[in-house]
C-alpha cells in the first residue's frame with residue numbers, strides 16, 4: 001500500500017514492523033465494529049465472540065484475495081487454514097470477554 005500510494009519502495013527490514021502496525025491497526029478497527037455489533041446482539045452474546053473471530057478471518061480473505069496479497073483459502077493446506085482459524089477464534093472470544101467485563105462497570 002505504501003509503495004502504491006507514495007511510489008516509493010519499502011525496505012525489506014521495515015516489513016516486519018509495518019506488518020505488525022497494520023495487523024494491530026486492522027484488529028483495532030474490527031474491535032470498534034464489534035462494539036457496535038455487540039449492542040444489537042443481546043440474546044446471542046455468547047456466540048458473538050467466536051463468530052466475530054471467524055468473521056474477521058473471513059474478511060481478510062474477502063479483502064486480500066482480490067488485492068493479490070492472499071490466494072483463495074482453498075489454495076492453502078487445510079492445516080494452514082486450521083491454524084489461522086485457531087488464531088482468530090481465541091481473539092474473538094478475548095474481545096468479547098473484554099467487552100463483557102468492561103460493560104459490567106457501566107451497568108450494561
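Filter the stretch 71-86 down to the residues that are part of a helix (DSSP H, G or I) and either without any contact (Cβ under 8 Å) to a residue 12 or more places away in the chain or farther than 19 Å from residue 28 by Cα (or both) and list them by number. Don't jump to the end; show me each part of the working.
Taking the stretch 71-86 and keeping what is part of a helix (DSSP H, G or I), we get 73-75, 78-86.
Scanning the stretch 71-86 gives 73, 74, 75, 78, 79, 80, 81, 82, 83, 86.
One line per residue, one yes/no per condition, for (1) surrounded by 12 or more Cβ atoms within 10 Å (Cβ to Cβ); (2) closer than 14 Å to residue 88 by Cβ; (3) modelled with pLDDT of 90 or more:
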| residue | (1), (2), (3) |
| --- | --- |
| 24 | no, no, no |
| 32 | no, no, no |
| 35 | yes, no, no |
| 39 | no, no, no |
| 45 | yes, no, no |
| 50 | yes, yes, yes |
| 55 | yes, yes, yes |
| 61 | yes, yes, yes |
Taking residue 27 as meeting all but one of (1) without any contact (Cβ under 8 Å) to a residue 60 or more places away in the chain; (2) farther than 14 Å from residue 97 by Cα, write down the number of the exception. (1)
Considering only the stretch 1-30, state which residues are more than 15 Å from residue 60 (Cβ to Cβ) and touching a helix residue (DSSP H, G or I) at 6+ places or on another chain (Cβ under 8 Å). 2, 8, 9, 10, 18
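The values are calculated or read from the model by the stated rules, or taken from the named source; none is laboratory data. This one's a predicted model, so the numbers in the text were calculated from it and none came from an experiment. As a convention, Cβ positions derive from the backbone with ideal geometry for all residues, glycine included, and neighbour counts pool all protein chains shown.
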